Amino acid sequence: MKKLALYIIITILSISAFSQQSDTWKITVNKVNPQDYYGVTVANGMIGIISSPNVLRCKEVVLNGAYDLYGRGRVSNFLQGFNLVNMNLDIDGRRIGNADVTQMRQVLDMRHASIMTSFDYADKATITYTYYSLRHLPYNVLVDVSITAKKNIEVMPASVMEAPDALRDVQNYYNQIDRPHVTLSLLSSTAKSPTGKLTFASSTTFLFDEPHGSEPELIHEMWDNNMHLTKFRKQLKAGTTYHFAIAGASITSAHHEDPLNEAERYVIYAKLEGTKRLLQMHANAWDSLWKSDIVIEGDDASQREVRSAMYHLYSFVREGTAYSPSPMGLSGLGYNGHVFWDTELWMFPAMLLLHPEMAKSMVEYRYQRLQQARHNAFAHGFKGAMYPWESAASGNEETPVWALSGPFEHHITADVAIAAWNYFAVTQDTSWLKEKGFPIIMECADFWASRVERNGSGKYDIKNVVAADEWAENVDNNAFTNAAAKANLQYAIWAARILNVVPSPDWEDVYKNIPILKLENGVTAEHATYKGEKIKQADVNLLAYPLKEITDQQQVRKDLEYYESRIGEGSPAMTHAIFALLYARLKEPTKAWQAFLLAHQPNKKNPFGVLAETAGGNNPYFATGAGGFLQSILSGFGGLDITPTGIVQVPSVLPPGWKKLTLTGIGVNKKTYIVSK
């Protein structure tokens, strides 16, 4: 009865005002409440801008790959970059703030990745500004601004450059470069990261519609070391609209050895491209991404939720890099920006099916840190490569010392190897497998061969680990850890044979002797001393998917029903996504739908429905949850399955209310898969 009541509550939540909006590509907020506001991110895989309820302000700007040691846990942390999109606006000599505005409205456009804010100022003007993190230019952002005068007014917009508190030794610059056909006015700043390890640099310039020579005259003001600005005056007549833009760029010495000059070059490039061209190329890039899409017929609310999850993952990952997203992506500083199994087990599979070329960046991140994983194994007395539980820029262990997951949550090593194998399985790229995939898979297999304790046939135990269910600390023979190790060893054997390499005989021996334990009732045991206690998150159920260690449907159902009833308070969102996926494959649509709703509805935060990690949590956006949520559709309701020879579609069912599910642009061949009733 409790589960049924919860199901009813979640169903009611699913038809909230948020869900009732008509456009499945947009989320519109008609009433902004600063006391109940969780920002949404516009990002391009490199720069994330998080929205704010305060007019002409964003909450923060996050740069991918920028880490330094400061403050929290004595480990490397994500750093905020310069806030280069904030503005001031004076109208008839009065500085506008939240208290002065009415009809404030914000719209997230997921198709073309922008957040628009509009508001009225008294009876004098309507102001609209839109943030873009330009998809085709990884280090560039744009603010597009329009002011419509209701009366004759004087406006004074200002582009403000602010340094966050964590940065030090701020230096501010203002340069004006006059050329025959253009004047380049650059508002720039540099600063050092807390230890001095990195140099941050940002630059902005105005883009005007007026021809060269008739643009407004710019005024530079230095307020203090941490903030300076440029501004201009403009007289507007009633009924007219004045348009301008601010182009900006941010980069650090982690990305380029000369960040200040490079940031200014990027801004000059944007200036000479012009607003119209920048926005068109940005839109084209996003149109290309959305060729890989999930289309639901019969349920606009779910369609919007799915688009939101895809939009965020697309925003947090970038092709052609060696960056991998943290659990919170580029939505803020959550989890210190570190990379966990959240990438390989939760976000990566969805990205691999939709955009293998983007998923490749996530595997490249691990390949480039293989040497550090080797040293980590050596330091713990093992062979091969042992990946750290939390990873940042260096690839060394970055887990705070008070968390036992650092030295003991070893399944991360198998997770990395499984992702590498799955990348090959989807792409069938044997050159990549030989150069990068097999070295990862092989050395991770060598780790497990040295990690097991050989206590007789069928008893190659893996002792003293933190389970995938992280409430189970320092246990023996954890189901997920053991099964993931077996998968790693199996994939090493398969990969070796594909490459005509003789696999280590020990891999086969260890693979056959790692135990998967059972309880007296026949349910798969989470670990050797498991007694039915509450669990934090999916563990045993992952043996059915994605590990395929358990394939018998009766066993899958038995394990599912047993552990579903043992999920404790504070379970992260992706657990219920796995339940939804498994129930869909078991052809139980009502149970799948119930779990599907629990995978996202209780975790949504106002006003944009961004996902928190847990129901009632307050640290969105939880990209891990989005990854699990998308897997429940792609591999659950959609039936997509990754096999050694590529993607296949297995039998599944759609939830109640869905008429048709179309998956477009899947895999390297960009195929379309359809499930209909």
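Looking only at region 204-223, which residues are in a strand (DSSP E or B), free of Cβ contacts under 8 Å to residues at least 40 places away in the same chain and closer than 19 Å to Phe244 by Cα?
Phe208, Ile219
Mind listing just one residue for me: the one in region 344-373 that is of a type in the set (D, E, K, R) and surrounded by 20 or more Cβ atoms within 10 Å (Cβ to Cβ) and, of those, nearest to the chain's Cα centre (by Cα)?
From region 344-373, those of a type in the set (D, E, K, R) are 344, 357, 360, 364, 366, 369; that's our starting set.
Filter again for surrounded by 20 or more Cβ atoms within 10 Å (Cβ to Cβ), leaving 344, 360, 366, 369.
Numbers: Glu344: 12, Lys360: 15, Arg366: 17, Arg369: 20 Å.
Filtering region 344-373 for residues that are of a type in the set (D, E, K, R) and surrounded by 20 or more Cβ atoms within 10 Å (Cβ to Cβ), the one nearest to the chain's Cα centre (by Cα) comes out as Glu344.
Only residues that are in a helix (DSSP H, G or I) and either modelled with pLDDT under 95 or out of contact with any Asp or Glu (no Cβ under 8 Å at 6 or more places or on another chain) (or both): list them for region 305-331, please.
Pass one, region 305-331, residues in a helix (DSSP H, G or I): 305-316.
Those that are in a helix (DSSP H, G or I) and either modelled with pLDDT under 95 or out of contact with any Asp or Glu (no Cβ under 8 Å at 6 or more places or on another chain) (or both): Glu305, Val306, Arg307, Ser308, Ala309, Tyr311, His312, Leu313, Tyr314, Ser315, Phe316.
Quick test of your reading of the structure: Pro572 fulfils all but one of (1) closer than 29 Å to Val675 by Cβ; (2) at pLDDT 95 or above; (3) assigned to a loop (DSSP other than H, G, I, E, B). Name the failing condition by number.
(2)
I'd like the residue in region 278-298 that is touching a Gly at 6+ places or on another chain (Cβ under 7 Å) and not in a strand (DSSP E or B) and, out of all such residues, is surrounded by the most Cβ atoms within 10 Å (Cβ to Cβ).
Applying the filter and picking the extreme gives Ser292.
Could you check region 108-203 for strands (runs of 3 or more DSSP E) lying wholly inside it with 2 or more residues that are of a type in the set (Val, Ile, Thr), farther than 26 Å from Ile251 by Cα and over 30 Å from the mean Cα position of the chain (by Cα)?
So the answer is 125-133, 140-149, 153-162.
Quick check on my filter: what residues within region 32-79 are free of Cβ contacts under 8 Å to residues at least 60 places away in the same chain and either assigned to a loop (DSSP other than H, G, I, E, B) or surrounded by 24 or more Cβ atoms within 10 Å (Cβ to Cβ) (or both)?
Across region 32-79, the qualifying residues are Ser52, Pro53, Asn54, Arg57.
Among strands (runs of 3 or more DSSP E) lying entirely in region 576-677, which contain 1 or more residues that are touching a Leu at 6+ places or on another chain (Cβ under 8 Å) and small (Gly, Ala, Ser)?
On the way: elements: 640-643, 646-649, 660-666, 671-676.
Answer list for region 576-677: 660-666, 671-676.
Hey, could you check region 625-652 for residues that are within 19 Å of Ala425 (Cβ to Cβ), under 25 Å from the mean Cα position of the chain (by Cα) and among the polar types (S, T, N, Q) and say which is surrounded by the fewest Cβ atoms within 10 Å (Cβ to Cβ)?
Step by step, filter region 625-652, then rank; the result is Ser635.
Criterion first (buried (at least 19 other Cβ atoms within 10 Å of the Cβ), in contact with a strand residue (DSSP E or B) (Cβ under 9 Å, 6 or more places away or on another chain) and among the acidic types (Asp, Glu)) does Asp469 satisfy it?
Judged against the criteria, Asp469 is a match.
List the number of the failed condition for Glu569; all other conditions in (1) free of Cβ contacts under 8 Å to residues at least 60 places away in the same chain; (2) of a type outside the set (Val, Ile, Thr); (3) closer than 15 Å to Ser302 by Cα hold.
Result: Glu569 passes all but (3).
Which ones in region 90-105 are in a strand (DSSP E or B), surrounded by 15 or more Cβ atoms within 10 Å (Cβ to Cβ) and touching a Phe, Trp or Tyr at 6+ places or on another chain (Cβ under 8 Å)?
Kept after step one, since they are in a strand (DSSP E or B), are these residues of region 90-105: 90-91, 94-95, 101-105.
Filter once more, so that each one left must be surrounded by 15 or more Cβ atoms within 10 Å (Cβ to Cβ): 90-91, 101, 104-105.
Within region 90-105, Ile91, Val101, Met104, Arg105 meet the criteria.
Six or more apart or on different chains, Cβ atoms under 8 Å: show the pairs whose first residue is in region 461-483 and farther than 14 Å from Lys536 by Cα and whose second is basic (Lys, Arg) and in a loop (DSSP other than H, G, I, E, B).
Asp476/Lys463; Asn477/Lys463
Yes or no, residue by residue, for (1) crowded, with 17+ Cβ neighbours inside 10 Å; (2) of a type in the set (Ser, Thr, Tyr); (3) touching an Asp or Glu at 6+ places or on another chain (Cβ under 9 Å):
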| position | (1), (2), (3) |
| --- | --- |
| Glu520 | no, no, no |
| Ala528 | no, no, yes |
| Ala538 | yes, no, yes |
| Tyr545 | yes, yes, yes |
| Asp552 | no, no, no |
| Leu560 | yes, no, no |
| Tyr563 | yes, yes, yes |
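Scan region 304-327 residue by residue and report those that are farther than 20 Å from Gly395 by Cβ and within 8 Å of the chain's Cα centre (by Cα).
Taking region 304-327 as the starting set, the residues that turn out to be farther than 20 Å from Gly395 by Cβ are 304-315, 319.
Result: His312, Leu313, Tyr314, Ser315.
Of all residues being aliphatic (A, V, I, L, M) and in contact with a His (Cβ under 8 Å, 6 or more places away or on another chain) in region 161-193, which is surrounded by the most Cβ atoms within 10 Å (Cβ to Cβ)? Just the residue, please.
Residues of region 161-193 aliphatic (A, V, I, L, M): 161, 163, 166-167, 170, 177, 182, 184, 186-187, 191.
Filter again for in contact with a His (Cβ under 8 Å, 6 or more places away or on another chain), leaving 161, 182, 187.
Details: Met161: 25, Val182: 13, Leu187: 27.
Among those that are aliphatic (A, V, I, L, M) and in contact with a His (Cβ under 8 Å, 6 or more places away or on another chain), it is Leu187.
Quick check: anything in region 538-549 in a helix (DSSP H, G or I), modelled with pLDDT of 95 or more and in contact with a strand residue (DSSP E or B) (Cβ under 8 Å, 6 or more places away or on another chain)? Please lay out each step first, then the result.
Of all residues in region 538-549, those in a helix (DSSP H, G or I) come to 540-543.
Filter once more, keeping what is modelled with pLDDT of 95 or more: 540-543.
After this cut, where a residue has to be in contact with a strand residue (DSSP E or B) (Cβ under 8 Å, 6 or more places away or on another chain) as well, the list is 540, 543.
For region 538-549, residues in a helix (DSSP H, G or I), modelled with pLDDT of 95 or more and in contact with a strand residue (DSSP E or B) (Cβ under 8 Å, 6 or more places away or on another chain): present.
Of everything in region 393-418 that's touching a helix residue (DSSP H, G or I) at 6+ places or on another chain (Cβ under 7 Å) and more than 18 Å from Ile462 (Cβ to Cβ), which residue is surrounded by the fewest Cβ atoms within 10 Å (Cβ to Cβ)?
Filtering region 393-418 for residues touching a helix residue (DSSP H, G or I) at 6+ places or on another chain (Cβ under 7 Å) gives 394-397, 399, 410-418.
Among the residues that remain, those that are also more than 18 Å from Ile462 (Cβ to Cβ) are: 394-397, 399.
Working: Ser394: 12, Gly395: 20, Asn396: 17, Glu397: 20, Thr399: 21.
Among them, the one singled out is Ser394.
With respect to Asn98, is the statement that it is under 26 Å from Ala270 (Cβ atoms), among the polar types (S, T, N, Q) and in contact (Cβ under 8 Å) with a residue 40 or more places away in the chain true? Quick ask: steps written out before the conclusion?
On the way: under 26 Å from Ala270 (Cβ atoms): no; among the polar types (S, T, N, Q): yes; in contact (Cβ under 8 Å) with a residue 40 or more places away in the chain: yes.
No: the conditions fail for Asn98.
Condition first: of a type in the set (D, E, K, R) and more than 20 Å from Met161 (Cα to Cα). Now tell me which residues in region 47-83 satisfy that. So that I can check it myself, show each step before the final result.
Start the filter on region 47-83 by keeping residues that are of a type in the set (D, E, K, R), which leaves 57, 59-60, 68, 72, 74.
Those that are of a type in the set (D, E, K, R) and more than 20 Å from Met161 (Cα to Cα): Asp68, Arg72, Arg74.
Return a yes/no flag: does region 257-270 have any residue that is closer than 24 Å to His355 by Cα, in a loop (DSSP other than H, G, I, E, B) and at pLDDT 95 or above. Let's see the steps before the verdict.
At the first step, the residues of region 257-270 found to be closer than 24 Å to His355 by Cα are none.
The answer is no; no qualifying residue exists.
Which ones in region 235-253 are touching an Asp or Glu at 6+ places or on another chain (Cβ under 9 Å) and buried (at least 16 other Cβ atoms within 10 Å of the Cβ)? So that I can check it myself, show each step before the final result.
In the first step, residues of region 235-253 are kept if they are touching an Asp or Glu at 6+ places or on another chain (Cβ under 9 Å); the result is 235-236, 242-247, 249, 251.
Hits for region 235-253 are Leu236, Tyr242, Phe244, Ala245, Ile246, Ala247, Ala249, Ile251.
Does Arg168 meet the test of being in the same structural domain as Tyr131 (by TED's automatic domain parsing) and without any contact (Cβ under 8 Å) to a residue 12 or more places away in the chain?
Details: in the same structural domain as Tyr131 (by TED's automatic domain parsing): yes; without any contact (Cβ under 8 Å) to a residue 12 or more places away in the chain: no.
No, not satisfied.
For region 37-56, enumerate the residues that are of a type outside the set (Gly, Ala, Ser) and within 23 Å of the chain's Cα centre (by Cα). I'd like the intermediate steps shown before the answer.
Pass one, region 37-56, residues of a type outside the set (Gly, Ala, Ser): 37-38, 40-42, 44, 46-47, 49-50, 53-56.
Tyr37, Tyr38, Val40, Thr41, Val42, Asn44, Met46, Ile47, Ile49, Ile50, Pro53, listed by residue number.
Any idea how many residues of region 427-441 are more than 28 Å from the chain's Cα centre (by Cα) and buried (at least 21 other Cβ atoms within 10 Å of the Cβ)?
The number of residues fulfilling the criteria is 0.
The values are calculated or read from the model by the stated rules, or taken from the named source; none is laboratory data. Source: prediction; values computed, not measured. Heads up, the Cβs are rebuilt from the backbone with ideal geometry, glycines too, and the neighbour counts pull from every protein chain shown.
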